[in-house]
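S.K.: Just dropping this structure here.
Each reported figure results from applying straightforward, stated rules to the coordinates on display, with no laboratory input. Values in this document were obtained by computation on a predicted structure and should not be read as measured data. Virtual Cβ from ideal backbone geometry, glycine too; neighbours counted across all protein chains shown.
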Amino acid sequence: MHYNTIVIGAGPAGLFAAQMIAKQNLKVLLLERNAKAGKKLLLSGSGQCNFTHAGDMIHFLKCYGEHSRFLKKALLTFDNQMCMDFFQKSGIAYHILPSGKVFPKSMQSEDILDTLLLNCQLANVEFSYNSLVEDITVYDTLFTVETNHNKRYFSDHIIIATGGKSYPKTGSDGSGYILAEHLGHQIIEPKPALTDVRVKDRSFSVLSGLSFQQIELTVWHEHKKVIAYQDDLLFTHKGLSGPVILNASRWINNNDHITINFLYPRTYEEANSYFTKHLSEFGKEELITFLKRLNLPKSFCQVICESLQIDPHILCAKLPRKMREALVQALTKCPFEIESLGGFHMAMATAGGISLKEVNPSTMESRKQKGLYFAGEVLDIDGNTGGYNIQAAFSTAYLCAESIKNKIKK
Ligand SMILES: Cc1cc2nc3c(=O)[nH]c(=O)nc-3n(C[C@H](O)[C@H](O)[C@H](O)COP(=O)(O)OP(=O)(O)OC[C@H]3O[C@@H](n4cnc5c(N)ncnc54)[C@H](O)[C@@H]3O)c2cc1C
C-alpha cells in the first residue's frame, strides 16, 4: 500500500501531525506499536494533562535548556495560544492555573487524547495498532517501512514521532533512535531528564516530604558552576525532588555537586550581615526560635544544627562567630553530592536524541534524507516541567505537516 505520509508513533506529536496532513486529502497511515494510542499522554500531568503553558514566548524560549534556539521557529509558528485555540475549537475548554500551567477544564487527559483521535478519524487517518516499526529503507524518494508482522508499507514521507526513552512501558523505549540511525542520523546519548536525584549524604532523609518555596539551586561540575535555577524544592527519602530539581536534572550528572540557598534571594554576604545584626538584637532568644523567623521549618533547622554540631537551643547572643558563619554557609550554600539521577523508568522526559544539527529547524525535515521528518521528544529536546514538552511535540509536528502540505502545493 502506498501512502503520502507514514507517521510512526501515536503520541501527541504523531497524532497531531497525522490529522493535519490527512485534512489535505492526503493518504496518511499511523503505525503504533501499542494496542492503543497516547499511553504516555494519558499519564501526563498526573492524568490531567498539562498540555501547554500560558507564558509569553520570551519565557517559553528559556524553558528548553540550550536547545531553545532550535525550537524558536516551531514555537512561534504554532504557539501556546494556537494550541489552546485548537482544543477550544474542538470543544475542549481549558483552564489556566495561577502558575501558568494549562490543563483541559475537565482535568482529564482522556479529553486531550480523544480530541486528537477524533480529528484523525474525521480526516480519515488510517491506523495500524500493534505495529512495531523495525526498519525503514529508502530507495530514491520512496520509503519502505517494515513492521514486526513482516508487513511492508510504502510512502513518500516519513515522520518519526516515536518519543524518547523515559517510561519505556508506555512504548517509547528508544526504538525510534535505531530507525533514525539506520537512515544515517546521529543520536546524542539519551539521558533521563525531569527526574529527581539521590544524594550521598542521607542525614536529610528524615525531612522526606518537606518542601520549600523558591529556593535557589546551583549545579557544580568538577568545581565549575554549570547553572542556577530558582523554584520549589521537595526532600524525598533518598534525595531531592520538586520543580527546581526536575528542571535542573538535564544539567546534573552522577557525582556532581549541587548547593542550595534556602534563604534565597539573600546571598551568603547579605544573610551573614542579617544574622550578625539580628542575632544580637534577639540575643536572649534560642537559636531555633530565631531561625523560625526566617520561615525555616523547625525540623529542617534541627537537622542543619545537628550537622554542624550546634545546639539549637543556644541563646543567640552566645553563638560564636565561627558557628554563625558555618550556619549561614549551610543555609545559603548547603552542599549535596549527587549519587544518581532517577532512571528512565521515573524520568518524565529524555535529554538527548536525534542530533539537531541534522534537522532543519524550519521544517523538521532531515538534512540527510529528503522526505524524512522528526517530531516530538525523539529529537534532542527536553523542556521544563509545566506543559513545555507537549507544546514542543505539537509545535514540531505542526512544522512537519506544514512542510509536507507545502510540497504537495508546489
Ligand atoms: C509521567 C509523565 C508525566 C508527564 N507530564 C507532562 C505534562 O503534564 N506536560 C508536558 O508537557 N509533558 C509531560 N510529560 C512529557 C510528555 O508526555 C512527552 O514529552 C510527550 O508525550 C512526548 O510526545 P511524543 O509524541 O513525542 O512521544 P510519546 O508520547 O512518547 O509517543 C511516542 C509513541 O510512539 C510509539 N512508538 C515508539 N517506538 C515505536 C516503533 N518503533 N513503532 C511504532 N510505534 C512506536 C510509542 O508506543 C508511543 O505511543 C510527561 C511524561 C511522563 C512520563
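S.K.: Find how many whole Å separate the alpha carbon centroid of the range 77-92 from the alpha carbon centroid of the range 132-211.
M.R.: The distance from the Cα centre of the range 132-211 to that of the range 77-92 comes to 27 Å.
S.K.: Check cross-link reach from Lys322 to the lysines: straight Cα distance under 25 Å, and skip same-chain residues fewer than eight apart.
M.R.: Lys277, Lys284, Lys292, Lys298, Lys333
S.K.: Then there is this: How high is the FRET efficiency between Ser211 and Lys36 when r is their beta carbon distance and R₀ equals 35 Å, given to the nearest 0.05?
M.R.: 0.50
S.K.: OK, next. Assuming R0 = 30 Å, can you tell me the calculated FRET efficiency for the pair Lys333 and Lys292, based on Cβ-Cβ distance, to the nearest 0.05?
M.R.: Here the calculated transfer efficiency is 0.90.
S.K.: In addition: Give me the three principal axis extents of the chain from the C-alpha atoms, as integers in angstrom, largest value leading.
M.R.: Taking the Cα atoms of the chain, the three principal extents are 84, 41, 34 Å.
S.K.: How do 381-389, 214-222 rank on mean C-beta neighbours within 10 Å, highest first?
M.R.: Per-residue mean Cβ counts within 10 Å order the peptides as 381-389, 214-222.
S.K.: Quick one: net charge of Gln329's neighbours, Cβ under 15 Å, K/R +1, D/E -1?
M.R.: +1
S.K.: Which order, highest average first, do 122-131, 359-368 follow once you tally other Cβ atoms within 10 Å for each residue and take the mean per peptide?
M.R.: 359-368, 122-131
S.K.: Rounded to the nearest 0.05, what FRET efficiency is calculated for Glu134 and Asn253 with R0 set to 30 Å and r the Cβ-Cβ distance?
M.R.: Between Glu134 and Asn253 the formula returns 0.35.
S.K.: For labels at Asp56 and Asn25 in the simple 7 Å Cα→Cβ model, what's the distance in nm?
M.R.: Between Asp56 and Asn25, the simple spin-label model gives 4.3 nm.
S.K.: In whole Å and largest first, what semi-axes does the C-alpha gyration tensor of the range 58-180 yield when each eigenvalue is scaled by 5 and square-rooted?
M.R.: Working through the eigenvalues yields semi-axes of 31, 20, 15 Å.
S.K.: Same structure again: Mind ranking 274-286, 100-112 by how tightly packed they are, going by the mean number of other C-beta atoms within 10 angstrom, highest first?
M.R.: Output ranking for 274-286, 100-112: 100-112, 274-286.
S.K.: Oh, and also: Does the range 207-276 classify as rounded, prolate or oblate by the C-alpha gyration tensor (a ≥ b ≥ c root eigenvalues; a/c under 1.5 gives rounded; else a/b over b/c gives prolate, otherwise oblate)?
M.R.: The shape class here is oblate.
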